[in-house]
Each structure stands twice: as structure tokens, then as C-alpha cells.
Amino acid sequence: MLDVAGLRVSFGAIEAVHGVSLRVRHGETHCLVGESGCGKSVTALAIMGLLARGARRRAERIGFDGTDLLALSDRGMGRLRGSRIGMIFQEPMTSLNPAYTVSSQLTEVYRRHRGGTRAAATERAAALLGRVGISAPGLRLGQFPHQLSGGLRQRVMIAMALMCDPDLLIADEPTTALDVTVQAGILRLLAALQAEMGLALLLITHDLGVVARVAHQVSVMYAGEVVESAPVAALFARPTHPYTQGLLASVPVPGKLRRGQPLDPIPGSVPRIPPDFVGCGFRERCRFAMPACAVAVPLRERAPGHSYLCQLTP
Amino acid sequence: MRRFILRRAILGVLVCMTVLVISFGLTRVAGDPALAVAGPQATAADVAAIRRAYGLDRPLPEQFFTWVGAVARGDLGRSYLFREPVANLIRARLPITLTLGLVGLGFALLIALPLGIVAALHEGTPTDRLVMLVALLGQAMPSFWLALLLIIGLGLRLQWLPISGIDDWTGYLLPGLVLAFSAIPALMRLTRSGMIDALGSDYIRTARAKGLSRASIVLKHAARNAAMPVVAIAAVQLGFMLGGSIVIESVFSLPGLGFLAWESISKNDFPVVQAVVLLLAVIYIALTLFADLLNAALDPRLRTG
């Protein structure tokens, strides 16, 4: 469904994403995990062609269902955005336009891509609001964003992304800005919608708990690269890249951890990688680092669908 | 919303009362109208008689309260100079100034809004800098000088537009254009900065993620949110234009309110000066209230918040 290879994004002298490859299959939930600043969101925006002015995108391939997105004009991309690819963002409080009603913002995307009467679009909007778990859709349609809570706004955003029945939904940290109790609800909703509608879902998160609950496939990003990609069970059972291992080791697991026992964090912090950097971006923090890590790192395959970027062999 | 309007109305009345005191006070220190009315050949006795006739020999507080009482009843007094009720003088001239102000505002918006939007869309590029330079030049150019340039260029050389008087609507075009120029820089800057803010916001990213057309993103989603400070400043600018058209009206010989104010100030015609100042204050207050209402219509958060 979505096939990205060698994606690079740079902002002036800083390369935020260098060489990300990613495959999202039909009807699959693919989680992209990593620390803040590792390039997850930039990757998503680059796929959508929504990077800010001044950002430079290069890639070997960005394919969507047989279409080469790299070759599309902005107008052509606009026909896919909102219609076949939906996107929701991290900031529900500011992602809706404060000046227009929920109804207006939902129907405009439908009428833009599908045409039809206002009444038909409104009917579709009400149905989708119900589908995303909003009670009294009729009332909500006439309201403005400031009259809704954060959780409700994110549900509106989800409904908006689904108005045209997309094949792919990109969700960029959709629960990060919400209360914990609301997070669970939004997550359940996304998982349910993905299954019911047969969506391909690219879910960006830094929360491994989320990954464990909803993902089919997981890609772990570090400093602008995907360092490991595996089916969710394999990733948790056999993490292979030292960064993935460190990430899993730093998550507190109730029952497994004795009182007073310290967590096992990864030493150091995410470095800023210059564009001409060669080798493994993790080597300065890695306990297995060796001289060979300073030259190009091979992509190894541990099992079908489980690849990682490291000199080590398991 | 109703409480908001009520509060603004009370505030408006207070401002008017302050204006009454100040305009009364300032005209009293400005000079003696009896001298102007009596003329250079008048004797001291003539001047004294005129003072008595107009009540200028009464103590100041008494004059003030007599005047305020009359204003409260809707009587603006009689002009010393024109020997006519002030209300008649104003009624004849106000429409000219209002028309001129609206034409000026119309020109200003027509020029400033598109330029501001273009500058915002090209932020940081040579296009942006060129537009801002034009704004700076507009701000730096005195309006009487611009008026003369336009009179020479459009009026005398090309003979496109009449250069003085108002025989028909074309008479308003040149003075309106000159008046607009003073308002353009502020409007354009605000449009530009408001649009830059709006275009960088999360809801514009959402609009792009929805695949909306560029026109819809810029004109519907961004412009609506950028409009509020522009509306507020446009109202203030219209106030400036109405009150500050003195220079323009005299350059183009338009018999408007500004022209009347200038004449009556130079002749110490107190009742007219006071009435014009009061009228402008009322217009100003009404304009800002109108701008607030317009903003409430634009931004739902102000209506229900």
C-alpha cells in the first residue's frame, strides 16, 4: 500500500531524516516508534508532501498503491490527500479551524473530493461522528471547536480523515496531547476503525504500550533512520538492534520489576547527525560499539519481515 | 453579548462627556470670537455688545452648563460666523466627508488586503520585501505632497479625473485615493502579519492534509482568522480619515466637515468647533463598537466564550 525507500529530509544543514525505508501493507497497522526528535513526524509529513517551506525532500521511492508520489504535482497530491490518504495530528486543540463549525470542516473535505449536495455531505458527517463515538452528532455538527474537549476534537479529526473512506490513515501521535483516560478511548477507536474499515494505519508514537496493543508491524526509528523493523511479536520477543533492546529495557513492566530496582536507561541522548554522517548513528551510546560501526552499516534480515541495521549478528 | 454592548455604550457616554469638557476648554483658551465676529474696525463697545449677545460675558462654568444642556436637548447652537444653526451646517457637510471617508477606506482595503496577502504568501522573498518597501514609502510620504503629485499626474497631465470640487462622483476619486494612502501601510502590515500567523498554524496544515485547493486554504481558512486585527484597525483608520480629512478637503476644495472645522477654528467659531469635535468623537465610538460587533461575527469564540 505504502512503500517508502531512502527518504531523506533536510532543513538547511540539518538532516532530520536520512534514508528511511518503510512498507505499510493493506489492512495493516504499522507503528513507527522512537524518541522525540528522531524524525517520526517529519517522515509522516514528507510522505504527505506537507513539509514546511525550506525543507528539502529526496527519496528513492515513495509509492502509494502503485502511484509514484514523487512524480505527482502538488495538485495531484492534493487529490490524494484527504481522499485516499487521511491524516490526523498530535495537537487536537489547534488542528481544527476555530472560525468554522464542525459541520463545515467535515463536509468541505467530502464535497471537495466526492462532490454531491451539502445535505448528503452533512448526512455522511453525522454518520461518521456517530461512528467515532460522539453522542448527539446533530448537536456537535453545529458547534465550533472551542466548544469541544480535546478528546472530542481528536474524534472530530478522525471523522474528518475518514470522510472520504481513505485506504491509508496516517496518525501522528494522536493520543500524546490527551488525558490518559481519553488516550485509551482514542486508541481503542483507532484499532476498531482500522479493523472494520480494512484501513492501512501508519501510527506514529513513542509509547511502547500503544505499540504492544495495536501494532501488526513495528519500525523503530533512531536519529533519522529506521534501525529495526519487525512483526510486533518478534520485536518484543527478539529485539535485535541494541537501540531496540535498550528501548524495551527502559520500560517499567509491573510485576517484573522489584521495588527500588532502577530501570535500565540508554546512556546519553539523541545526537544531532550531520548530513555527511556515515555509519551507525547509535554507536556513541552503544555498549557493543566497535570500529566497524564507523563505516556503512549493513541491513540484515533475521527472519522474513524482521530486518535491522547493525554490524552485529544475533 | 448584550452586556458587552451595554458596557461599551456606558463607556461611550463617558468618553463623550470628557470630549465635551476638553473641546469646551480648548476653544476658550484659543482666543476671543467676539473680536473675529466684530471685525477689525469695531470699537471696544461693539465687541462688548457682541460678547453680551452671545453670552460670552458669563462665567465659564455657566457657559459650559448652558451649552451641555442645549446639546443634551439636541441643540448644537448657532454659528457666530455663518449666523445659522450649527446642525444645518453639519447636515450639509457630513455626507461629503462620510462619502470621502468610505471611498478612502474602500481604496485602502482594495489595495492593502491583496498586497498584504501576497506579501505573506511570499514571506521573506524579494516580492515580500518589495511590497513592504512600497508600504514604507506610503507611510513616509506626506499626504498633501501625494495629493499634488496625483493632481498633476492624473488630473492635469492625463486629464482622467477632476482635480477639485464634486460635480459628480468622480470628484471623490482623487481625494479618496490620497486619503487611502495614509491607511494602506498599517492595514497592509496587519494583513501580512495576520496571514503569516494563520498560514503557519496547525489548522492550515490540517486544511492542506484535507487536499483543499490553495484558494480555499488561503482565502477561507487563513484569511478569516487573519481578519480580526485588520477589521479593528480599519475602523480606527476610517475614524482618522473622517477626522483628519482637513488637509485633503482643503487641497481638493471639498466642502466637507474637515473644511468646516478648519474654517471655524481659524475664526474662533466656538459652537461649530465644539459640535464638530463632539460629532467626530461619537462617530469614533460608534466605529469601534461596530468593529467589535463585526469581529464577534467573524470569531465564534467571542460570541459564546
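Can you go through B:ALA291, B:ALA275, B:ALA227, B:ALA232 and tell me which one is assigned to a helix (DSSP H, G or I) and under 30 Å from B:GLY39 (Cα atoms)?
Numbers: B:ALA291 fails: under 30 Å from B:GLY39 (Cα atoms); B:ALA227 fails: under 30 Å from B:GLY39 (Cα atoms); B:ALA232 fails: under 30 Å from B:GLY39 (Cα atoms).
The conditions single out B:ALA275.
Does the stretch B:31-43 include one or more residues that are modelled with pLDDT under 80, open to solvent by 70 Å² or more (accessible area, probe 1.4 Å) and either touching a Phe, Trp or Tyr at 6+ places or on another chain (Cβ under 6 Å) or assigned to a helix (DSSP H, G or I) (or both)? Yes, the stretch B:31-43 has at least one match.
Pairs linking a residue in the stretch B:290-305 that is within 7 Å of chain A (Cβ to nearest Cβ) and at pLDDT below 85 to a residue that is open to solvent by 70 Å² or more (accessible area, probe 1.4 Å) and part of a loop (DSSP other than H, G, I, E, B), with Cβ atoms under 7 Å and 6 or more positions apart or on different chains, do not occur. Restricting the search to helices (runs of 4 or more DSSP H) fully inside the stretch B:54-155 and requiring at least 2 residues that are charged (D, E, K, R) gives B:86-121, B:126-140.
Residues checked against (1) touching a Gly at 6+ places or on another chain (Cβ under 9 Å); (2) modelled with pLDDT of 85 or more:
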residue	(1), (2)
A:ALA212	no, yes
A:MET221	yes, yes
A:PRO231	yes, yes
A:ALA237	no, yes
A:PRO254	no, no
A:GLN261	no, no
A:CYS280	no, yes
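Scan the stretch A:40-75 for residues that are part of a helix (DSSP H, G or I), open to solvent by 10 Å² or more (accessible area, probe 1.4 Å) and either within 14 Å of chain B (Cβ to nearest Cβ) or small (Gly, Ala, Ser) (or both) and the total you get is 6. For the stretch A:234-262, the set of residues classified as exposed (fewer than 13 other Cβ atoms within 10 Å of the Cβ) and within 18 Å of A:SER307 (Cβ to Cβ) consists of A:ALA237 only. In the stretch B:231-240, of all residues being within 18 Å of B:THR191 (Cβ to Cβ) and more than 14 Å from chain A (Cβ to nearest Cβ), the one that is surrounded by the fewest Cβ atoms within 10 Å (Cβ to Cβ) corresponds to B:VAL236.
Would you be able to say whether some residue in the stretch A:276-296 is outside any loop (DSSP other than H, G, I, E, B), in contact with a Leu (Cβ under 6 Å, 6 or more places away or on another chain) and either without any contact (Cβ under 8 Å) to a residue 24 or more places away in the chain or under 29 Å from A:ALA171 (Cβ atoms) (or both)?
Step one: list which residues in the stretch A:276-296 are outside any loop (DSSP other than H, G, I, E, B), which gives A:283-285, A:291-294.
With in contact with a Leu (Cβ under 6 Å, 6 or more places away or on another chain) added as a condition, the list becomes none.
No, there is no match, as no residue in the stretch A:276-296 is outside any loop (DSSP other than H, G, I, E, B), in contact with a Leu (Cβ under 6 Å, 6 or more places away or on another chain) and either without any contact (Cβ under 8 Å) to a residue 24 or more places away in the chain or under 29 Å from A:ALA171 (Cβ atoms) (or both).
Results for (1) more than 30 Å from B:PRO33 (Cα to Cα); (2) open to solvent by less than 10 Å² (accessible area, probe 1.4 Å); (3) more than 14 Å from every other protein chain (Cβ to nearest Cβ), shown as yes or no for each residue.
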position: B:PHE181; (1), (2), (3): yes, no, yes
position: B:SER193; (1), (2), (3): yes, no, yes
position: B:LEU212; (1), (2), (3): yes, no, no
position: B:LYS220; (1), (2), (3): yes, no, no
position: B:ALA223; (1), (2), (3): yes, no, no
position: B:SER250; (1), (2), (3): no, no, yes
position: B:TRP262; (1), (2), (3): no, no, yes
position: B:LYS267; (1), (2), (3): no, no, yes
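Does A:GLY86 qualify as being at the interface with chain B (Cβ under 10 Å from one of its Cβ atoms), more than 19 Å from B:SER213 (Cβ to Cβ), touching a strand residue (DSSP E or B) at 6+ places or on another chain (Cβ under 9 Å) and of a type in the set (Gly, Ala, Ser)? No; evaluated as a whole, the condition is false for this residue.
Whether a residue is in contact with a Leu (Cβ under 7 Å, 6 or more places away or on another chain), over 16 Å from A:GLU35 (Cβ atoms) and open to solvent by less than 10 Å² (accessible area, probe 1.4 Å) was assessed, and A:ALA230 does not pass this test.
Name the residues in the stretch A:206-226 that are closer than 29 Å to A:LEU128 by Cα, assigned to a strand (DSSP E or B) and open to solvent by 10 Å² or more (accessible area, probe 1.4 Å), would you? Scanning the stretch A:206-226 gives a single hit, A:GLN217. Of all the listed residues (B:ALA234, B:ALA222), the sole one being over 30 Å from B:ILE90 (Cα atoms) and in the same structural domain as B:TRP262 (by TED's automatic domain parsing) is B:ALA222. Residue check: B:THR170 meets all listed conditions (1) within 23 Å of the chain's Cα centre (by Cα); (2) in contact (Cβ under 8 Å) with a residue 24 or more places away in the chain; (3) open to solvent by less than 40 Å² (accessible area, probe 1.4 Å) but one, namely (2). Residues in the stretch B:45-64 that are surrounded by 13 or more Cβ atoms within 10 Å (Cβ to Cβ) and more than 12 Å from B:PRO33 (Cα to Cα): B:ASP46, B:ALA49, B:ARG58, B:GLN63, B:PHE64.
The values are calculated or read from the model by the stated rules, or taken from the named source; none is laboratory data. Because the structure is predicted, anything quoted here is derived from the model rather than measured. Please note: Cβ atoms are built from the backbone with ideal geometry, for glycine as well, and neighbour counts cover all protein chains shown. These accessible areas exclude ligands, DNA and RNA; they are computed on the full protein's heavy atoms, side chains included. Shrake-Rupley method; radii C 1.70, N 1.55, O 1.52, S 1.80 Å.
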